[in-house]
Amino acid sequence: MNPGNQSYRIAVNSEIFIDKSEMIQYLNTVLNTQQRFVSVSRPRRFGKTMAADMICAYYDREAESRELFVNRKLAGCEPYKSDTKEVFWDEYLGKFDVIRLVMTDFMEGSNTVQDMLQYLTDEVTEELLDDNPDIKIGNRINLRTVMNKIYGKTQRQFVVVIDEWDAIFRTWKEDTTGQTMYLDFLRDWLKDKPYIALAYITGILPIKKYGKHSALNMFTEYSMMFPRQLARFTGFTEEEVQILCNRYGRDYQAVSSWYDGYEVSDIIPPDPEHEEFRTTGKSPEAIRYSLYSPLSVVEATTTGIIKDYWNKTETYEALAEFIEMDYDGLKEAVAFLMDGGRLRIDTSTYQNDMTTFHGKDDVLSLLIHLGYLGFDDQRSEVFIPNREILDEFKTSTKSKKWVPAFRTITLSEEIVKATWDKDTEKVAELLEEAHNRAGNKTYNDEAALSYAVQLAFYAAQKYYTTILELDSGKGYVDIAYLPAPKYSTIPALVVELKYNQSADTAMSQIRRQKYPERLEHYKGNTLLVAINYDKDIPNTRSDFKHHKCLIEEA
C-alpha cells in the first residue's frame, strides 16, 4: 500500500539511467477511461520492474515525488488535450492510493493457487484496514468489498500495479484449474470497478486465453508483437544506445551488431484516440523502432566487453525445451531462422501460456514473448534479432538430433541456387535427396509431392513470398515464388508439378495456360519450373531417379 518512491529513486541515482518517464503521459490519457486496464508484456530484463516502480512513485499520494519528476522528460511533455480539458504532466501526480503487488512474493510458501490468493487477500486487506481503521467489514472478507467501502467513504481511487503477474503460468504450468481461479480473481477484483483509476499489470506473457476468449478481456495488450503506443518504452532505442556509447567511448557499430534487432511499431492504425486522428480524421503513420535488450547494453557499455549477457541471467525458460518439441517442421524452421531467414507465421492460435501448443507457429509465438525471436508486425514474420540471441540458438542445437534439420536447409539453399542457374540435372538430383528426407508419406500423390517440393524449397522463403494455387485466370499455378522487395533482381518462379506423368507435360501446361501472364510485373525475369515424380521406375534401372525437371525462361 502506497510503497513510495525509494525504488524509483534508486534507479534514477544509478550510474546508467535511461529516462522513460514520458510513458506516464500516455498512462494519464487512459486514466479513468475504458482503456484504464493496461497489460504490458516484455522479455526478462527489459525494464518491467523499473517501469512499475516509476508508476508507483508518480501516482502514490504519500510519496511526495514532484522533485523526482520535475527534471525528467515527463515534465517537458506537451499537455494532453481531451474533449473537456488539457491534462498537464503533473495533473495526477500524487493523487491516488497505490497498491503494488509482486506475485512471486505471494507464491513463495504457497502450495496452491488458492493458498496464494488467500495469502494475498489477507495481506492487502490488513494494510487497507490499517490505513482506514474506521471502515467496518463483515465476516466475508474480499478485496472487492473492502476497496469498494473505502472508496465509498473517502472517494479516493486506487492505482493497482502488479509485477510478475504471469508467474503462475510459468511456475504452475499444468494447473489449469488454479490458473482459471486466478484469472477469475483478478476479473472480479478489477473489472468495471469505480474504485480503479488504473490497473497496470506486467510480465513476460500476454494474458492467458481459453480458445478465443480471455477472462481479462477489459485489458489492452501491449506486447512484443504489438506494443502500440508504448513501443519506444519497451527497450533501449538506437538513439539511447548511441548516447551511452558516446558517454563511455564504446564502438556503437560493434554494440549494434551484437544487441540490435527487435523491431516494433508504436501505433496500429486506425487509432481514434490519437490527436491527429481527431483533428484530421486520419491516423498517423506508425513509427518503427529498432530496440536493444537493456541489460546487455548496460553491461557492454560499462565493462567495454561485448559478449552474451541477456541469455545468461536465468535458465527457467531454456530455449532447447521449446525448439526440440515434436512438431512437424519446427526444427527445419529453427535451422532456417539460424541461417538468417525470416519466417511468416500465424500467431492467432497461440494461447499465451507455456504448455498449450498446436503446432510450430504456437511455439515460435511463445519465443517472441520470451525475447528469443523478433517479430515484424507488418509481415507477420519472425527472425532471430541479433548475434547474442543467435549464440543461444547455437548452444541449444549442438546435439546430433539437429544434424538432419541443418542438412535440410543446406540442401534447400543448393536447390534454390541450382534453379537460378537452370541446372536441371542438379535440381532433380537434389530434389531426390530432399524427397527422401521428407519421408515415405510424401510419395503417395500430387498433393504429397507438393509438400515435399515446398520442403525442398524451404530456403526460398528467405528471398520469396510463396503463393500456393495462384489463380492465373486459366487455371491454378501449383506454386509461385514472388521475389521479396529486398531481392527484386532475382527471377520469379512458376512451379508446376506432375505425378506419374512427365516434366514435358507440366511445361506444356504452363505454356498452354499462359501462367506467366499472371506475373506480368516480373515479365522478362521469370523462370518456369516443371517437375515430375515417376514412382514406377524401379531402382534396378539406370534412369532410377524418380524426379525429372525442366527449367525455361518465360
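The values are calculated or read from the model by the stated rules, or taken from the named source; none is laboratory data. Note that the structure is predicted; figures quoted are calculated from it, not measured. Cβ placement follows ideal geometry from the backbone for every residue including glycine, while neighbour counts extend to all protein chains displayed.
Is it fair to say S82 is hydroxyl-bearing (S, T, Y), surrounded by fewer than 21 Cβ atoms within 10 Å (Cβ to Cβ) and free of Cβ contacts under 8 Å to residues at least 24 places away in the same chain? Here the answer is no, as S82 does not meet what is asked. Count of region 360-381 residues, restricted to those that are within 8 Å of the chain's Cα centre (by Cα) and over 17 Å from G235 (Cβ atoms), is 2. In this structure, K307 does satisfy being at pLDDT below 95 and either under 23 Å from L370 (Cβ atoms) or part of a helix (DSSP H, G or I) (or both). If only residues of region 435-462 that are assigned to a helix (DSSP H, G or I), polar (S, T, N, Q) and loosely packed, with under 15 Cβ neighbours inside 10 Å are counted, the one that is modelled with the lowest pLDDT is N440.
Set side by side, the residues T526, T465, T489 differ, and just one is at pLDDT 85 or above and exposed (fewer than 13 other Cβ atoms within 10 Å of the Cβ), which is T489.
Quick one: would you say Y200 is assigned to a strand (DSSP E or B) and at pLDDT 90 or above? Against the criterion (assigned to a strand (DSSP E or B) and at pLDDT 90 or above), Y200 qualifies. Looking only at region 144-162, which residues are polar (S, T, N, Q), without any contact (Cβ under 8 Å) to a residue 12 or more places away in the chain and part of a helix (DSSP H, G or I)? Scanning region 144-162 gives a single hit, T145. With respect to being within 18 Å of F233 (Cα to Cα), touching a His at 6+ places or on another chain (Cβ under 9 Å) and buried (at least 18 other Cβ atoms within 10 Å of the Cβ), S21 falls outside the description. In the list R250, R232, which residue meets the criterion of being touching a residue at least 24 places away in the same chain (Cβ under 8 Å), basic (K, R), over 30 Å from L186 (Cα atoms) and crowded, with 18+ Cβ neighbours inside 10 Å? The match here is R250. Within region 206-228, does at least one residue satisfy the condition of being surrounded by fewer than 22 Cβ atoms within 10 Å (Cβ to Cβ), among the hydroxyl-bearing types (S, T, Y) and farther than 23 Å from R45 by Cα? Taking every residue of region 206-228 in turn, at least one turns out to be surrounded by fewer than 22 Cβ atoms within 10 Å (Cβ to Cβ), among the hydroxyl-bearing types (S, T, Y) and farther than 23 Å from R45 by Cα.
Results for (1) assigned to a strand (DSSP E or B); (2) closer than 27 Å to T33 by Cβ; (3) modelled with pLDDT under 90, shown as yes or no for each residue.
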{"site": "E174", "(1), (2), (3)": "no, no, yes"}
{"site": "D188", "(1), (2), (3)": "no, yes, no"}
{"site": "K193", "(1), (2), (3)": "no, yes, no"}
{"site": "K208", "(1), (2), (3)": "no, yes, yes"}
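The combined condition, being in contact with a helix residue (DSSP H, G or I) (Cβ under 7 Å, 6 or more places away or on another chain), within 18 Å of A199 (Cβ to Cβ), part of a helix (DSSP H, G or I) and modelled with pLDDT of 90 or more, is not fulfilled by T104. Against the definition (at pLDDT 90 or above, in contact with a strand residue (DSSP E or B) (Cβ under 6 Å, 6 or more places away or on another chain) and not assigned by TED's automatic domain parsing to the domain that holds I389), how does Y252 come out, yes or no? No, not satisfied.
The helices (runs of 4 or more DSSP H) located wholly in region 352-434 that include 2 or more residues which are assigned by TED's automatic domain parsing to the domain that holds A452 and of a type outside the set (V, I, T) occupy 403-420.
When only residues in region 492-523 that are in contact with a helix residue (DSSP H, G or I) (Cβ under 6 Å, 6 or more places away or on another chain) and among the aliphatic types (A, V, I, L, M) count, which is surrounded by the most Cβ atoms within 10 Å (Cβ to Cβ)?
Applying the first criterion (in contact with a helix residue (DSSP H, G or I) (Cβ under 6 Å, 6 or more places away or on another chain)) to region 492-523 yields 492, 494, 496-499.
Narrowing the set further to residues that are among the aliphatic types (A, V, I, L, M) leaves 492, 494, 497.
Details: A492: 20, V494: 25, L497: 20.
It comes out as V494.
The residues on offer are D175, D166, D192, and the sole one that is among the charged types (D, E, K, R), assigned by TED's automatic domain parsing to the domain that holds K95 and crowded, with 20+ Cβ neighbours inside 10 Å is D166. Are any of the residues in region 107-124 farther than 15 Å from T171 by Cβ, exposed (fewer than 13 other Cβ atoms within 10 Å of the Cβ) and of a type in the set (S, T, Y)? Within region 107-124, not a single residue is farther than 15 Å from T171 by Cβ, exposed (fewer than 13 other Cβ atoms within 10 Å of the Cβ) and of a type in the set (S, T, Y). Scanning region 529-554 for residues that are of a type in the set (A, V, I, L, M, F, W, C) and at pLDDT 85 or above, we see that the one that is farthest from N500 (Cα to Cα) is A554. Selection within region 11-58: residues that are among the aromatic types (F, W, Y) and not in a helix (DSSP H, G or I). The member of this set that is nearest to L186 (Cα to Cα) is F37. Within the option set E388, E332, being surrounded by 20 or more Cβ atoms within 10 Å (Cβ to Cβ) and within 18 Å of F46 (Cβ to Cβ) holds for one residue only, E388.
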